[in-house]
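*Asks:* Questions regarding the structure given below will be posed in turn.
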Amino acid sequence: MAFFSASNSLLASATRQGDLTVRSVADGQGPDGDEVPSETLLMRAQLQLPPGAEANSGSSPLVSLAWHPTTPQILAAGAAGGVNIFEVPTTPPAEQPPALVGPGIQYVLPTSGRSNAAVTAVAFSPAGDLLVAADSAGSVHVWWLEGDGEEGEAPMLSWQPFSSSNAAAGAAAVASVQVLHQADDGSSVVVTGDARNATLKLWSLPPAAALNGANPACLQAVQFVSSAHGPSDVFCHAVVQRELQLVVLANTVRKQVYTLHYSLSSGAAASPASAAAVFDYAAFWGVKQPILSLATGLEAVEPQAAPGAGASQQLLLYTVQTDAIQQYFVNPALCSSSVREAEEEEDTQPQVDLAPADQASAAAAASSRRVKDGSRRC
């Protein structure tokens, strides 16, 4: 599921059967005066799923959703062999439930030698001019939406983020992709996650007009490995919180939440306006139950220990867990080295459980470490 923004009431969701719905969600009042959410159905669609998808009981989502960053009427839904662009009505249709609609535009994955590839993740750039999609065959594709693009056109850029470092990984899915930043010259920084989101890579892409035939530059790679069981102990859901410059990951296997802070920087001396970034700090917490789905938001919270001291901005995690739906608050100060300059211990910090939002505002400490230079090898 995907909200357009924290201040917008549009909620898009899709089932594992390919049923796509968009609702307008608002605060309402129950018969006893209690506050209850109310919703209005704005749009319904049926998405084509990959062959054999319904028989596959894996935990990876079959449909990925992304809202256009500035236009709440534009929704991208990735499923099967392409990305569908829908125009969501601004007012509820007279007919309820609404009739099924088809996409306005479809961007199709390249099919040469990979007819069964399916979209695994989709994202817009912050400016809304790029559409990025990852697929189950290990590739990432980029379309320029403000060029001469037409329905069904080939992407301007395609590459395999993990094939160079691990031959086997080239055939595995890319589980996540997101555009972290766009610079003044139009260049951008993209983060990709492998099939388990155990390895993340940062990439620098040129401006949109120069994408055709370009070679993305790998800026950094970070891998999560369990000391006990190696990469098999890591299977993460990943989301990006741009306002705090964080990648948030929920490790279903280990019942942990990780945050990776990234710092933005200028590019090489030859092109100082180009986009660049580096992961510089990691922190992690324990949770009581595995997290099956994850979304983030920001909320002003007044500290319980000092009422009246003024609210501070907190990272809010919306989670679906095995036996509960929980919200957690995380203090952003625990997620960045700039706020914890004096902390030198990397392996001696105790891991603590993250408390649900209705029990405590945040854990007081967390396991953390600076991301070492050695992680920059791609």
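The values are calculated or read from the model by the stated rules, or taken from the named source; none is laboratory data. This is a predicted model, so every value here is computed, not measured. Note that we place each Cβ from the backbone using ideal geometry, even for glycine, and neighbour counts take in every protein chain shown.
The rows are residues; the columns are (1) at pLDDT 65 or above; (2) among the acidic types (D, E); (3) out of contact with any strand residue (DSSP E or B) (no Cβ under 6 Å at 6 or more places or on another chain); (4) closer than 22 Å to F235 by Cα.
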position	(1), (2), (3), (4)
S274	yes, no, yes, no
P290	yes, no, yes, yes
A305	no, no, yes, no
S312	yes, no, yes, no
E344	no, yes, yes, no
Q351	no, no, no, yes
Q359	no, no, yes, no
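*Asks:* Moving to a separate point now. With (1) at pLDDT 90 or above; (2) surrounded by 18 or more Cβ atoms within 10 Å (Cβ to Cβ); (3) under 23 Å from L130 (Cα atoms) as the list, and L42 as the residue in question, which single condition is left unmet?
*Replies:* For L42, the exception is condition (3).
*Asks:* Please enumerate the residues belonging to the range 90-146 that are within 18 Å of the chain's Cα centre (by Cα) and among the aromatic types (F, W, Y).
*Replies:* Hit for the range 90-146 is F124, nothing else.
*Asks:* Name the single residue that is modelled with the lowest pLDDT among those in the range 91-146 being in a loop (DSSP other than H, G, I, E, B) and within 16 Å of S187 (Cα to Cα).
*Replies:* E146
*Asks:* Filtering the range 64-83 down to residues that are of a type in the set (G, A, S) and farther than 16 Å from P110 by Cβ, which residue is modelled with the lowest pLDDT?
*Replies:* So the residue we want is A79.
*Asks:* Sort out which residues of the range 205-262 are assigned to a strand (DSSP E or B) and in contact with a Ser or Thr (Cβ under 6 Å, 6 or more places away or on another chain), and write them in order of number.
*Replies:* Answer for the range 205-262, where residues must be assigned to a strand (DSSP E or B) and in contact with a Ser or Thr (Cβ under 6 Å, 6 or more places away or on another chain): L205, A217, L219, V222, Q223, A238, V239, Q241, L246, V248, H261.
*Asks:* Of everything in the range 14-39, what is surrounded by 13 or more Cβ atoms within 10 Å (Cβ to Cβ) and modelled with pLDDT under 70? Give them in sequence order.
*Replies:* Matches in the range 14-39: none.
*Asks:* Which pairs do you get when a residue that is more than 13 Å from G78 (Cα to Cα), found in the range 121-145, comes within reach of a residue that is part of a loop (DSSP other than H, G, I, E, B) and hydroxyl-bearing (S, T, Y), reach meaning Cβ atoms under 6 angstrom, with the pair 6+ apart or on two chains?
*Replies:* Cβ pairs passing all conditions: G128/T70.
*Asks:* Continuing with this model, one more query. Would you check if D184 is surrounded by fewer than 21 Cβ atoms within 10 Å (Cβ to Cβ) and touching a Ser or Thr at 6+ places or on another chain (Cβ under 8 Å)?
*Replies:* The answer is no for D184.
*Asks:* List every residue pair whose Cβ atoms sit under 6 Å apart, with the two residues 6 or more apart in sequence or on different chains, where the first one lies in the range 71-86 and is in contact (Cβ under 8 Å) with a residue 24 or more places away in the chain and the second, anywhere, is of a type in the set (S, T, Y) and assigned to a strand (DSSP E or B).
*Replies:* Within 6 Å, the pairs are G78/S64; G82/Y107; V83/Y107.
Each row is one residue, and each column tells you yes or no for (1) out of contact with any Lys or Arg (no Cβ under 9 Å at 6 or more places or on another chain); (2) outside any strand (DSSP E or B); (3) modelled with pLDDT of 90 or more; (4) among the acidic types (D, E).
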site	(1), (2), (3), (4)
S158	yes, no, yes, no
S165	no, yes, no, no
V177	yes, no, yes, no
T192	no, no, yes, no
